[in-house]
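Just so it is clear, none of the values below were taken in a lab; they were calculated from the coordinates. Everything numeric in this text was worked out from a predicted model, so none of it was measured. Methodologically, a virtual Cβ is constructed for each residue, glycine included, from the backbone with ideal geometry; neighbour enumeration extends over all protein chains shown.
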Amino acid sequence: MKKTVYSLCGMCSVRCPIRCEVEQGRVVWVEGNPHLQQGALCGKGSAGPNMVYREERPKGPMIRQGKRGGGQWKRVSWDEALDFTAERLRGIIEVYGSRSVMLSCRGGPFQDLPKTFLKALGSPNFTNHDAACGINVHHASRSLYGMGRKDFVYDIKHAEHLVLLGRNLLESLQVGEARNVMNALAAGMKLTCIDVRATVTASKATRFWMVKPGSDYALLLGLIRQIIETGSYDASFVDRFTLGFDFLKERTAACTPEWVEHHTGVPAAQVVEFVEEIATQRPRVIFHPGWMFARYRNSFYVSRALHILNALMGNVEVPGGQIISKKMKDTGYPELHALADRISSPKEKRADGVGWKYRHFDAGPGLFQLFQDAILSGDPYPIKAYLFYRHDPLVCFPDREAQLTMLDRLDLLISVDAKFGETTWYADVILPNSAYLEKDSPIAVKSGARPMLIRRQKVIEPVYDSKPEWWIFQQLAQRLGVGDAFPYDGIEGLWKFQLEGTGIALDAFEEKGYVPLCDDVIMRDRETLSFKTPSGKIEFDSQVLRRDGFDALPPFEEREPAPDGAFRLIFGRHAIHTHAQTQNNEYLHEVLPQNTLWIHPSRAESLEIRSGDRVLVSCLGGATRFQTTAWVTDSVHPEAVFTYHGFGRTVPILKRAYACGLPDQRLCKGKLSDFDPVGGGIANQETFVQVQTLDEGGN
Ligand SMILES: Nc1nc2c(c(=O)[nH]1)N[C@H]1C(S)=C(S)[C@@H](COP(=O)(O)OP(=O)(O)OC[C@H]3O[C@@H](n4cnc5c(=O)[nH]c(N)nc54)[C@H](O)[C@@H]3O)O[C@H]1N2
Ligand SMILES: Nc1nc2c(c(=O)[nH]1)N[C@H]1C(S)=C(S)[C@@H](COP(=O)(O)OP(=O)(O)OC[C@H]3O[C@@H](n4cnc5c(=O)[nH]c(N)nc54)[C@H](O)[C@@H]3O)O[C@H]1N2
Ligand code: SF4
Ligand SMILES: [Mo]
């Protein structure tokens, strides 16, 4: 007989709600939760069972033999692996103190466990992937609203115009959001897509601008100027809720449509026409502030300008605009209990300098790349052990060689991974985490306009000897004398602890797999809106940025041009792959086995490259080079070459993904130390490469 289990997808970090069917202990069907997602799932989500049953994964705890990265492992029992890890950690803590332990994880709603573990040990050195993802957008949002990236959601369903710049929403997707876009388009919403290549999102757009790579800030300054000049903004909103309008006007005064055309390639007449259009549609006009903006040294200001455009549209806390994300407490329920709240924060300063040396960055996750300095120099103090959980820094961050130098200075590398990540393969010990279908996770709040509680539930028993994280961190903590930080008995104990005082019982999840916390969308009273900035207003001119020595809206500067014959390297996601995680999945590999190099015909011709040719892509200087296949297409800007991220894996045990395609992050040489100074995001795309054909006379 088939059994239904509601859970959360884990094939990417979106965690769509799912409904699974289980027959004789095997998962036989996965679909989107029909109550929330009408059964919809993306290709990756549908290929989930294949990952669980058929991928090469760690089959039990392993301790490295031989040199790091050499691939020689000894399978051990859980007791042996945990004792080994705890003993080594204890030794390091005795000599260097608990602050010498660093931990990173992928972020998301289940961070309470790793954060509690590190806090209980007494180390402040928690970090995550965000410097290579959304940190510029997050900091830009804070500079305007005093509220972070995740404090807003976008009511696309009711928008009249959605503007996507550097956001490939229909391929770099969240199922629910992509469906909202398609439905809104069918209902007449306009979509303006601004990219350096033609994407699937561009193909659905009502207007597509292919801009010169890295010129977005000029376009946005020009849009701000045109909106102000033509009086197309919401004057009463701006007057009441923003600070620094005159500053904005003065700073953008020279950015005429002709100036925009000169810098970006977008025709001046189209800038004028676009502004005329949105003037009639506001406040239901959304400028998406971006997501993966770890691209340029000025990406912080690109996102800041997008946020400013939203405020000019007056689209805050209105249907069809951006809505302040509501938390559990906004629904009348008390917040869920968190384990980390029971422990006081470590007094030590962070080793990455965030919060004291670099005051303008959010101290929550700090910045991964700044740990590099501390690890290499021992200043402000040594870091000696590193636990990475659901995080693969060797792919997430650029420049493998620079990272290996950093990792080699550490005495202990602990991996908690469900698969063989690149960094996991380089670890000293692997504590295999069960895959998403094989484990229960803590309850999480899905905040938004209509918050709810969500829960990942075990669908099947683990196929191999892996464990859930609630067990792994508890076991490690107990061995290190801080077991009190994890005072629960099994997952039910943890769930009950979380729900204590809310009046919500565990069986509330049974019927639909989630627990709604309110009946309808919760909107704040627009008359009394205030923001978490020093002035309580949306700060076009930011006092905080000034305090930290930064400009609130500097003039546009052209990005450095590519040297003669070279290209800017651009990357992005494909709809059926997640970062470097899915290339080894049998089904997904079949759909897209390797990435190609998109190259414009005008450039390909002079290099004698045709579609299908093997090409060699090298860093300037040529020391780092990789091969792939060329795709000659006018879908990419002539100044750039494009490839999908996540390919070119180095773990030999992965039979399909190994050495297949181009590893973009490895071509970003020197970028581990190159980041946006204001937003903190890695400047991955300040990277130039050379391309040559291998088919005729190449080497
Ligand atoms: N050059 C370049 N760099 C990039 C990007 C790019 O496009 N180009 N993209 C950036 C972006 S947007 C992001 S978010 C980051 C992503 O970088 P990461 O956060 O490192 O990547 P993920 O693919 O989310 O997963 C990391 C690890 O989680 C493991 N994993 C999967 N499921 C589980 C599980 O259930 N439990 C445990 N313990 N482990 C699990 C995987 O095996 C993998 O080793 O990379 C960034 N870096
Ligand atoms: N299928 C799939 N979906 C995912 C993920 C995944 O791995 N796979 N990961 C999730 C995560 S963690 C994230 S952060 C999001 C990321 O979501 P997005 O930020 O939308 O993702 P990307 O595909 O990296 O980049 C978006 C677009 O930016 C364009 N671009 C590059 N340079 C420039 C430029 O100079 N100017 C302009 N205007 N455009 C430029 C690229 O061509 C690309 O089409 O996706 C999420 N969804
Ligand atoms: S977007 Fe796809 S892979 Fe990601 S959680 Fe949703 S269904 Fe799973
Ligand atoms: Mo991301």
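Output the peptides 473-485, 284-296 sorted from most to least packed, where packing is the average of other Cβ atoms within 10 Å over each peptide's residues. Can you show the working numbers first?
On the way: 473-485: 18.5, 284-296: 24.0.
Result, highest mean first: 284-296, 473-485.
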Please state the charge dipole magnitude for the chain, taken about the Cα centre, from unit charges on C-beta atoms (+1 on K and R, -1 on D and E), reported in debye and rounded to the nearest 20. 1120 debye
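So for region 264-307, Kirkwood radius off the Cα pairs, Stokes-Einstein at 10 °C and 1.306 mPa s: how many µm² s⁻¹?
Details: Rh = 12.3 Å.
The calculation lands on 129 µm²/s.
Average projected area of the Cα convex hull of region 102-224, in nm²? Numbers along the way, then the final one.
Values: hull surface 38.0 nm².
Its average projected convex-hull area is 9.5 nm².
List, in the order given, every pair from Lys3/Lys59; Lys59/Lys384; Lys115/Lys669; Lys326/Lys512; Lys119/Lys384; Lys212/Lys671 whose Cα-Cα distance in the structure shown is over 24 Å. Could you put the intermediate results ahead of the total?
Details: Lys3/Lys59 26 Å; Lys59/Lys384 28 Å; Lys115/Lys669 31 Å; Lys326/Lys512 21 Å; Lys119/Lys384 17 Å; Lys212/Lys671 21 Å.
From the list (Lys3/Lys59; Lys59/Lys384; Lys115/Lys669; Lys326/Lys512; Lys119/Lys384; Lys212/Lys671), the Cα-Cα distance tops 24 Å for Lys3/Lys59; Lys59/Lys384; Lys115/Lys669.
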Kirkwood hydrodynamic radius (Cα pairs, Å) of region 206-296? 14.1 Å
Rg and Dmax of region 464-524 over Cα atoms: what are they, in angstrom? 16.0, 49
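For region 139-288, what does the convex hull of the Cα positions come to per residue, in cubic angstrom?
On the way: hull volume 17.9 nm³, N = 150.
Cα-based convex hull of region 139-288, divided per residue, equals 119 Å³.
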Need one number: nm distance between label points at Ala253 and His158, each 7 Å from Cα along Cα→Cβ, rounded to one decimal. 3.9 nm
When we measure straight from the Cα of Lys446, which aspartates and glutamates land under 14 angstrom away, once same-chain ones fewer than 8 places off are left out? Asp151, Asp330, Glu335
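Send over the semi-axes of region 274-352's equivalent ellipsoid, whole angstrom and largest first, taken as the square roots of 5 times the C-alpha gyration tensor eigenvalues. Display every interim value, and only then the final one.
On the way: eigenvalues 241, 104, 13 Å².
Taking √(5λ) for each eigenvalue gives 35, 23, 8 Å, largest first.
Please find the FRET efficiency linking Lys329 to Asp362, where r is the Cβ-Cβ separation and R0 is fixed at 25 Å, and quote it to the nearest 0.05. If you can, show how the numbers build up before the last one.
Values: r = 21 Å, r/R0 = 0.84.
Calculated value: 0.75.
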P(r) for region 1-90, please, calculated from all Cα pair distances in 10 Å bins and given in %. 15, 31, 21, 23, 9, 0
Cα-projected label distance for Glu558 with Lys67, points at 7 Å along beta-carbon direction, nm: 4.6 nm
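What does the highest-first list of 89-97, 664-672, 582-590 look like by mean Cβ count within 10 Å? Write out the running numbers ahead of the final one.
Values: 89-97: 15.8, 664-672: 22.8, 582-590: 21.0.
Order by mean packing, descending: 664-672, 582-590, 89-97.
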Taking R0 as 41 Å and r as the Cβ-Cβ distance between Arg54 and Glu87, the FRET efficiency 1/(1 + (r/R0)^6), rounded to the nearest 0.05, comes to 0.70
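For the chain, what is the convex hull volume of the alpha-carbon atoms per residue, in Å³? Working shown, then result.
On the way: hull volume 107.6 nm³, N = 699.
Per-residue hull volume (Cα only) is 154 Å³.
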How much space per residue, in cubic angstrom, does the convex hull of the C-alpha atoms of region 517-647 take up? 259 Å³
Residue farthest toward the positive end of the dipole of the chain, with Cβ of Lys/Arg at +1 and Asp/Glu at -1: which of Val617, Pro638, Gly214? Val617
Given a Förster radius of 60 Å and the C-beta distance between Glu229 and Asp695 as r, what FRET efficiency does 1/(1 + (r/R0)^6) yield to the nearest 0.05? 0.70
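If I stretch the segment between Thr629 and Ala186 completely, what's the gain in nm (0.36 nm per residue apart, minus their alpha carbon distance), one decimal? Let's see the in-between values first.
On the way: separation 443, 0.36 × 443 = 159.48 nm, distance 3.65 nm.
Additional length available on full extension: 155.8 nm.
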If you stretched the chain out fully between Ala505 and Arg75, how much longer would it get, using 0.36 nm times the residue separation minus the C-alpha to C-alpha distance? 150.7 nm
Run the dipole for region 538-696 about the Cα centre, Lys and Arg Cβ at +1, Asp and Glu Cβ at -1, nothing else charged, and hand back the magnitude in debye, nearest 20. 760 debye
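Taking other Cβ within 10 Å of each residue's Cβ, how do Val617, Val260, Val137 sort, fewest first? Write out the running numbers ahead of the final one.
Details: Val617 23, Val260 27, Val137 30.
Going from least to most buried by this count: Val617, Val260, Val137.
Length gain on complete extension for the stretch Glu276 to Gln174, per 0.36 nm per residue less the alpha carbon to alpha carbon distance?
33.6 nm
Just need the relative contact order of the chain here, percent rounded to a whole number, with Cα pairs under 8 Å and 6+ apart. Intermediate results must be reported in sequence, preceding the final value.
Details: 1525 pairs, mean separation 134.9, N = 699.
So the answer I get is 19 percent.
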Positive-pole candidate from Val28, Ile135, Asn584, dipole of the chain, charges at beta carbon: Val28
Burial ranking of peptide ranges 242-253, 504-515 (average Cβ count within 10 Å, highest at the top): 242-253, 504-515
